[in-house]
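Read-outs: derived from the displayed coordinates by stated rules, not from any lab. Nothing here was measured: the structure is a model prediction, and the numbers come from that model. FYI the Cβ positions are ideal-geometry reconstructions off the backbone, even for glycines, and counts take in every protein chain you see.
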Amino acid sequence: MKIVRTDRELETPIVDAELARMGDLVLLPEGASQEELLAEVADADLLLMCYTPVTRQVIAAAKRLKAIVKYGVGIDAIDIPAAIERRIPVVNIPEYAEDTVAEGAFAMMIALAKKLVPLDRQMQAEGWAWPTERWLAGDIAGKTVGIVGLGRIGRSFARMAGQGFRARVIAYNPGTPAEEMAALGVEKIDDLHALLRQSDFVSLHCTLNDTTRHIIGAAELAAMKPSAFLINSSRGALVDEAALVDALTAGRIAGAGLDVFSSEPLSLSGHMMSPLFGMPNVILQPHLTFYTAEAMERLERETLERCREALAGVPVLVKSRDPRLRAQEHGVTFG
C-alpha cells in the first residue's frame with residue numbers, strides 16, 4: 001500500500017504515524033512540482049493534499065488511486081470533474097474548525113475596532129499612549145455586521161456578533177431562506193451592495209467558485225462605508241486584491257483583516273499585497289485562523305477515519321454540502 005501526503009510543512013504527526021503503519025508513506029513538500037507529484041501518484045493507493053493542486057493530469061496518472069482526501073475544507077485545488085470521471089472519491093474535512101475560524105475572524109474584527117495593533121506598536125515604542133483622537137476606537141455592540149456566506153463558519157460568526165456582542169447581524173446568502181436566517185438572529189439581505197452600504201464590518205465566509213471569485217471588487221469596495229472594515233478568513237480570491245490595495249491606500253475604507261490571499265505565502269516586497277505591510281489599520285495573518293490544538297486534533301482524527309474507509313474499500317463519508325462533492329455517485333456515502 002502506498003500513500004502520498006503533500007504539503008508536509010503542515011504537521012500532522014498522528015496521521016503520519018498511523019499511515020506509516022498502514023503502508024509506504026511518501027511526504028511531499030508544499031510547492032512540489034507537478035512532475036514530482038505525477039511520479040509519486042503513479043502507483044499510489046491514496047492521496048492526501050491540503051494546498052498542492054491536484055490537476056486532471058495528476059488524476060489521470062494515478063492508476064491505482066482509491067481516494068483523494070483533502071485534510072482541510074477548500075477543494076478548489078482539486079479537479080473534481082476529472083476525479084468523478086475516474087470514479088475516484090474526493091472527500092474533505094468540513095467541520096473541524098467551524099468555531100475556530102469564526103473565532104479567528106472575530107479576533108481580527110475586535111482588533112480592528114479597538115485599534116489593538118497600532119496601540120501595541122505605540123506601547124512597544126513609547127511605553128504609553130494618551131487618550132487623544134488618534135487612539136479613539138469603536139464599539140461592536142450596536143453596530144451592523146454584514147456576513148457574506150452563511151455556511152457553518154458564517155453562522156458561528158453570526159452567533160458571536162449577535163448573541164455575544166449585541167450587534168445587528170445581516171447576511172447575503174441567496175440560497176438560504178429568510179425564515180431560516182431569522183431563526184439564527186440574522187436578517188437576510190438580497191442585494192450584496194445593499195448589505196455593503198449598511199455594514200460597519202463585512203466578514204467573508206463563502207466558498208470560492210466561479211460565481212464568488214472577486215465577489216468583492218472595486219464596485220463593492222466603493223459601496224462600503226468609508227468607516228467600515230473588511231475581514232476575510234475564507235479564500236483570498238473572493239476579493240479583487242488589487243482593488244483592495246487601492247482602496248486601503250486611498251483610505252476609501254477604514255481597514256481590513258486578512259488571513260487568506262490569492263497567492264501564498266506573502267512577502268515583504270514584490271508581492272501584490274506587499275504595500276499593506278506596516279499599515280496600522282490592516283491586520284495580515286499567515287492563513288492560520290484554523291490552527292489551534294483543538295482543531296488540529298479534530299482534523300487528524302477525521303482525516304484518519306476517511307483514510308481507513310478508502311483503504312478498506314468501503315464508501316467514504318462525505319459530510320460537506322458543497323455541490324461539487326455531492327455530485328459524486330461512486331465510492332461515497334453522504335452524511
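If you check Asp45, Asp76, Asp16 for being touching a residue at least 12 places away in the same chain (Cβ under 8 Å) and farther than 16 Å from Ala310 by Cβ, only one passes: Asp76. The set of residues in the range 123-177 being closer than 21 Å to Ser234 by Cα and basic (Lys, Arg) consists of Arg152, Arg155, Arg159.
Report the residue count in the range 232-255 for those that are assigned to a loop (DSSP other than H, G, I, E, B) and surrounded by 20 or more Cβ atoms within 10 Å (Cβ to Cβ). Number satisfying all stated conditions: 5. Within the range 267-287, the set of residues being assigned to a loop (DSSP other than H, G, I, E, B) and either surrounded by 13 or more Cβ atoms within 10 Å (Cβ to Cβ) or charged (D, E, K, R) (or both) comprises His271, Met272, Met273, Phe277, Met279, Pro280, Asn281, Gln285, His287. Quick check: is even one residue across the range 51-62 surrounded by fewer than 22 Cβ atoms within 10 Å (Cβ to Cβ) and aromatic (Phe, Trp, Tyr)? Checked against the condition, which is being surrounded by fewer than 22 Cβ atoms within 10 Å (Cβ to Cβ) and aromatic (Phe, Trp, Tyr), the range 51-62 yields at least one hit. With respect to the conditions (1) crowded, with 20+ Cβ neighbours inside 10 Å; (2) in contact with a strand residue (DSSP E or B) (Cβ under 6 Å, 6 or more places away or on another chain); (3) farther than 23 Å from Tyr51 by Cα, Phe334 lacks only one, and its number is (1). Note on the range 31-60: residues that are outside any helix (DSSP H, G or I) and either under 13 Å from Ile78 (Cβ atoms) or β-branched (Val, Ile, Thr) (or both) total 9. Examine the range 315-331 for a residue that is surrounded by fewer than 21 Cβ atoms within 10 Å (Cβ to Cβ), in contact with a strand residue (DSSP E or B) (Cβ under 9 Å, 6 or more places away or on another chain), basic (Lys, Arg) and without any contact (Cβ under 8 Å) to a residue 24 or more places away in the chain, and state whether such a residue exists. Yes, the conditions are met somewhere in the range 315-331. So for the range 74-85 (the condition being assigned to a loop (DSSP other than H, G, I, E, B) and loosely packed, with under 14 Cβ neighbours inside 10 Å), does at least one residue qualify? Checked against the condition, which is being assigned to a loop (DSSP other than H, G, I, E, B) and loosely packed, with under 14 Cβ neighbours inside 10 Å, the range 74-85 yields no hits at all.
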